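Presented below is the structure to which this report refers.
The values are calculated or read from the model by the stated rules, or taken from the named source; none is laboratory data. From a predicted model like this one, the values you see are computed outputs, not experimental measurements. Please note: Cβ atoms are built from the backbone with ideal geometry, for glycine as well, and neighbour counts cover all protein chains shown. Please note that ligands, DNA and RNA were not included when accessible areas were found on the heavy atoms of the full protein model with its side chains. Shrake-Rupley method; radii C 1.70, N 1.55, O 1.52, S 1.80 Å.
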Amino acid sequence: MWSTQEYDSNGKRLTRYNGDGSIGVIEEYDNSGKHVKDTYYESGEITNWKEYEYDNEGKMKKSISYDANGEITGWTTYRAEDGHLIIDHTYDK
C-alpha cells in the first residue's frame, strides 16, 4: 500500500507515501516521543485523522478518530493487562 516511508534519526516513522509519491499519512510525536497523531491524505487533501492519548505511565489509553471536518467518527479505549495493551471499548459512528 505504501511505496516509501520516511523516518527520523531515532527510527520513528514520520511519513508514509502513496504509490504515486504523494503523502498518504503524516505521523506526529510529542516531546517525549509518544505517537500522538496520524493525519491521512488523499490527492493532497486531509481525509481524516486519529489522535492518541496516554496515561501517566505512558501507556496508550485512548484513540479518537475524526473525519476531514473535525467530527468524531469513533474512539477506542485501552487497558493494560498482563503487560499487554487490550482493547477495552470501541465506538464507531
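Out of everything in the stretch 1-41 that is charged (D, E, K, R) and more than 16 Å from the chain's Cα centre (by Cα), what residue ends up being least open to solvent (accessible area, probe 1.4 Å)?
Taking the candidates together, the pick is Asp8.
When you check Ala68 against the structure, is it of a type in the set (A, V, I, L, M) and modelled with pLDDT of 95 or more, yes or no?
When the stated conditions are applied, Ala68 passes them.
Scan the stretch 71-93 for residues that are part of a strand (DSSP E or B) and either aromatic (Phe, Trp, Tyr) or modelled with pLDDT under 95 (or both) and report the count.
14
What are the residue pairs meeting all of these: first residue in the stretch 8-34, first residue on the phi > 0 side of the Ramachandran plot, second residue in a loop (DSSP other than H, G, I, E, B), Cβ atoms under 9 Å, and 6 or more apart or on different chains?
The qualifying pairs are Gly21/Ser3; Gly33/Asn10; Gly33/Lys12.
Quickly run through the stretch 49-93 and pick out the residues that are crowded, with 17+ Cβ neighbours inside 10 Å and over 19 Å from Tyr29 (Cβ atoms).
Trp75, Thr76
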